[in-house]
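Below is one structure, written out as structure tokens; comments come after it.
Derivation of every value follows stated rules applied to the coordinates shown; laboratory data play no part. All of these numbers come straight from a predicted model, not from anything done at the bench. For neighbour counting, all protein chains shown are included, and Cβ atoms are generated from backbone atoms with ideal geometry for every residue, glycine included.
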Amino acid sequence: MKDLIDILDLSLAEIDELIDVANDIIANPDNYREKCKYKKLATLFFEPSTRTRLSFEAAMYELGGNVLGFSEAQSSSAAKGESVSDTVRTVEAYADIIAMRHPKEGAPTVAAMKTQIPIINAGDGGHNHPTQTLTDLLTIKREVGRLDNLTIGLCGDLKFGRTVHSLIQAMVRYKNVKFIMISPKELKLPEYLIEEVLLKNKIEFVETESLDESMDKLDILYMTRVQKERFFNEADYVRLKDTYILTPEKLERAKDTMRVLHPLPRVNEISVEVDNDPRACYFRQAKNGKYIRMALIMKLLGIE
Ligand code: CP
């Protein structure tokens with residue numbers, strides 16, 4: 001495997017291996033301090049990011065490597081009309097591996113075809129976010145101890161939320177995983193995911209608008225923000241953005257063992273009072289993102 005464009009580029013065995021390496025990095029960070037000495041990661045971010053870009057950069061620094069790149073299209077020659085293809089053909093002369101975020105679905109795929117160095121999709125439009133999914137899988141494994149036999153509630157913007165799309169594609173490969181899709185009808189999961197992923201794999205799922213009714217059944221509650229930047233109409237965003245707000249009162253009905261994940265950034269969909277609940281693990285999740293990206297960078301660079 002040269003690139004990571006889609007979570008399905010990784011077999012379950014490869015995901016297990018990445019999780020094992022990430023756990024070993026957490027336990028023995030000193031063993032990894034020079035693994036990427038003299039290697040360079042380019043972070044090409046054509047869309048805003050805090051966690052993904054900075055965790056990639058922190059990951060490379062903690063492996064002893066270096067980082068270059070840009071954090072917005074306006075500060076690159078994309079602002080002058082340069083294509084993604086020309087950008088990556090140029091950057092491959094300066095770096096060993098590229099992490100790219102782009103608003104256009106498929107842009108990292110195009111980039112991967114144009115360069116010899118590994119491309120990591122750090123989020124493409126409303127499509128996919130495979131390194132967030134690896135982060136989520138590591139978090140679920142660390143917090144709950146398993147990736148099978150889970151009832152997962154996905155709540156919020158299931159239409160535009162690329163993290164949800166990647167997570168579903170990953171989780172259907174584990175045994176006895178059920179989904180409760182909680183969204184307003186305008187933000188339901190796209191039909192292609194229902195048809196081609198859930199029904200095709202005979203996955204048990206329900207669609208509902210009620211978070212409260214689902215709460216006591218869940219092992220994982222995966223909250224998501226309504227994706228303002230993907231809406232065509234501001235009025236629709238304003239009407240839908242606060243449909244779900246998780247509060248300590250709502251969590252009273254949840255199992256003690258349930259975990260609340262959120263890819264972040266949070267806007268209003270989890271009240272800050274929830275942060276102190278031991279079941280809230282979204283900041284631990286963000287931290288895990290650095291370790292799994294360290295494991296991924298090493299794998300794509302062929303470093304043991
Ligand atoms: N989860 C995530 O992708 O966060 P950022 O947009 O801050 O990178």
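Things worth noting here:
- Sparsely packed loop sites in the stretch 155-210 (the GluC sites (Glu not before Pro) outside DSSP H, G, I, E and B with at most 16 other Cβ atoms within 10 Å) comprise Glu204, Glu209.
- Computed on the stretch 101-178, with alpha-carbon pairs under 8 angstrom and 6+ residues apart, the relative contact order is 29 percent.
- Rounded tilt (10° steps) of 130-144 against the dominant C-alpha axis of the chain: 50
- Proxy reagent accessibility, fewest Cβ within 10 Å first, across Lys159, Lys228, Lys37: Lys37, Lys228, Lys159
- Separation in nanometres of the label points that stand 7 Å from Cα toward Cβ, at Ile303 and Lys228: 3.7
- Per residue, the average separation of C-alpha pairs within less than 8 Å and at least 6 apart gives the chain a relative contact order of 20 percent.
- Net lengthening on full extension, Lys188/Ala79 (0.36 nm per residue, minus Cα-Cα): 35.8 nm
- Once the Cα atoms are used to define both axes, helix 282-300 deviates from the longest principal axis of the chain by about 40 degrees.
- For the stretch 10-154, the convex hull drawn through the C-alpha positions has a volume of 123 cubic angstrom per residue.
- Tail beyond 33 Å, pair distance distribution of the chain (Cα, percent): 23
- Crossing angle, helix 12-27 versus the chain [Cα axis fit, 0-90 degrees, rounded to tens]: 80
- Rounded FRET efficiency, nearest 0.05, which uses the C-beta distance separating Asp30 from Glu72 and R0 of 30 Å: 0.30
- Across the stretch 121-227, counting alpha-carbon atoms alone, Rg and Dmax equal 12.7, 36 Å.
- On a per residue basis, the convex hull of the C-alpha atoms belonging to the stretch 178-304 measures out at 161 Å³.
- Cα-based Rg of the stretch 171-242 normalised by 2.2 N^0.38 Å, two decimals: 1.24
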